Every structure is written in C-alpha cells, then in structure tokens.
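Each remark here refers to the structure printed beneath this line.
The values are calculated or read from the model by the stated rules, or taken from the named source; none is laboratory data. This is a predicted model, so every value here is computed, not measured. All Cβ positions, glycine included, derive from the backbone under ideal geometry; neighbour counts span all protein chains shown.
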Amino acid sequence: MDYLLHIAISTLIYAIFAMSLNLELGYAGLYNFGHIAFFGIGAYTSALMAVGGLPIPLGITSAMALAGLIGAGLAFTVLRLTGDYFGIATLAFGEMMRLLFLNERWLTKGPMGIPGIPRPTLLGGMPADLLQYLMFTVACTILVFLILHRLETSPFGRALKVVREDEFVAQAFGKNLLSLKMRCIVVGSVIAGLAGALWAHYMTYISPNDFTLQGTIIVLLCVVLGGKGSPSGPLLGTCVVVLLQESLRFLPIPTDFGRHVAPLQGMVFGLMLVLLMLRRPQGLIAELHGGRGA
C-alpha cells in the first residue's frame, strides 16, 4: 500500500512540474532546457528554511517567490535570444544552478545533500503520513490545473498562443512579446518551485543529483508525450512516464548490470522524446484549436 501511495505522490508532483513546463513550451513555444533548475531552487529554498526551523508554509511560499524572481531575471537576460540560442542559454543556466548546488557547500552541503527535511504538520500537529501527504499534493495539483486552465482561456493565454504561432502577427496586433514571454516564464518558474518544494518535503532528502539534465529530459517527455498545449496532456504523459520508470524495477536485471540501468534509461527517454517530436508532435492528447482566433 505504501508503495502505491509513493507512486501516486511522485506522479502528482511531477505532474505539477510538467504543467509548469507546458505553460512555457505548449502555450508560448519556449523550449526551456534549464527548467529543472527552478525545481531545484524550490526544493533547496523550502528545505533550508524548514531545516532552519522556519514554518513549512513560509518555506514553500518563499520557494515559489524565489523561483519566480530568478525566473524573471533569466527571462530578462535570455529572451532577446531566439531559437537554438535560447535553448542553449537555458541549458547553460540549468547546469550553472546544478553546479551551484554541488559546490556551495556552506549553503547546500554540496554532494552530501540535505537530510532530515520535515514534512508538513497537518492534523493533530504530527508530520503528515503518506495518505495525508497524498491528499495535500492532490489539492495542490487540482489548484495548479485550475489556475493554468483559467490562464489558457484568458486573453493572456490566447496571446501566448498567437506568439507561439507567429511572433510577427502578435506584434502586428500590438502585443509586447518580451512582456508576454517574461510573465509566462515567471509563472512557470513559480509553479516549478512549488513542485520542487513538495518533492523536498516528501523525500525528506535532496542532493544535486536530483536536479540534472536527465530531470529536464523526463519532464519534457511528459509534456510532449501527453500533448503540449493541452491542459490535461502533461497529466497523462506524467502517468505514463512514471509507470514506465517504475516498471523497470520489476525486470530481472542482473546485479552486475544494475549500474548501467540509469544511463540507459536516460538514453531511452531521450530517444523517445526525439521520436515523438518527429512522428507525433501533438502527443497523446492533441491541443484543441477551436479558440485560437478568439
């Protein structure tokens, strides 16, 4: 039973993370290859504050705020780049943050990571058990989904899709491209920070190895597989990817071969991502285009 609860919680947290990337990739067409950095910023911020004795709600709120602030700084710096240059710049940012987590031992404890991260206290003043934490993550997932769904149908969401389809048309309609993209990245970073904070308090231990490029590849696969630009696409994509990951645990893999599983898994996910983009870019749930002209 605990294993099933673990799968459900992990899936929901990654679904929130995938929805945050879907806002940038699916709505605005921004390939942010450093999005895992904001997941890590949220995780480390909330973890450090909680371990330091500060209230967990304050830590989670601060994690979201700091992720959004750094997202604004990144957006202001790199949004003047286009195409491949934007992707390379965000990839470099993600690697810079991983190296910061790894090397700034006075703050992050470096490769040793941060253990003993407390879970939220819910009923009765006791740390949340798995079922209570599942209910908490369900509530967060529903809230994020509703916010992003409302955002998609708002003038801001429709403007983002116009920018994604043709920036020259958006400019002709008087849209401020820099402002739209910056707000999109800020909101996506805030939600990624929330996902990171939830992950830290669930796992109760984090290290720089949790925030590598492979994390970005996995969440990209969740978005593209489910259907980028579709509100429910990242949810379905995350379910498929997490179940695929967990199913590998039950394969009869020889002990000597075990150390090769993680690198091979990264290669397989990368190959799946490339094939999906080439063969079925719309994903499992295609985006509805009925309201594009609104």
Check your understanding: Does region 160-190 hold any residues that are part of a loop (DSSP other than H, G, I, E, B), loosely packed, with under 13 Cβ neighbours inside 10 Å and either in contact with a helix residue (DSSP H, G or I) (Cβ under 8 Å, 6 or more places away or on another chain) or of a type in the set (Lys, Arg) (or both), and which are they?
Key -> PHE173
Point to revise | Search result, residues across region 72-120 that are of a type in the set (Phe, Trp, Tyr) and crowded, with 17+ Cβ neighbours inside 10 Å | key: PHE86, PHE93, PHE101
Review point. Of these, VAL274, VAL224, which one is at pLDDT 75 or above and under 22 Å from ALA192 (Cα atoms)?
Key: VAL224
Exercise for review: Tell me, please, whether a residue that is in contact with a Ser or Thr (Cβ under 6 Å, 6 or more places away or on another chain) and buried (at least 16 other Cβ atoms within 10 Å of the Cβ) can be found in region 123-141.
Suggested key: no
Review point. Using beta carbons and a limit of 7 Å, which pairs, at least six apart or on different chains, have the first residue in region 142-165 and within 15 Å of GLU24 (Cα to Cα) and the second one crowded, with 20+ Cβ neighbours inside 10 Å and at pLDDT below 85?
Key: PHE145/PRO231; LEU148/PRO231; HIS149/PRO231; GLU152/PRO231
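Rundown of residues vs (1) buried (at least 24 other Cβ atoms within 10 Å of the Cβ); (2) over 16 Å from ALA67 (Cα atoms); (3) among the hydroxyl-bearing types (Ser, Thr, Tyr), yes/no style:
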residue: LEU5; (1), (2), (3): no, yes, no
residue: THR11; (1), (2), (3): no, yes, yes
residue: TYR14; (1), (2), (3): yes, yes, yes
residue: SER20; (1), (2), (3): yes, no, yes
residue: LEU23; (1), (2), (3): yes, no, no
residue: TYR27; (1), (2), (3): yes, yes, yes
residue: PHE39; (1), (2), (3): yes, no, no
residue: GLY42; (1), (2), (3): yes, no, no
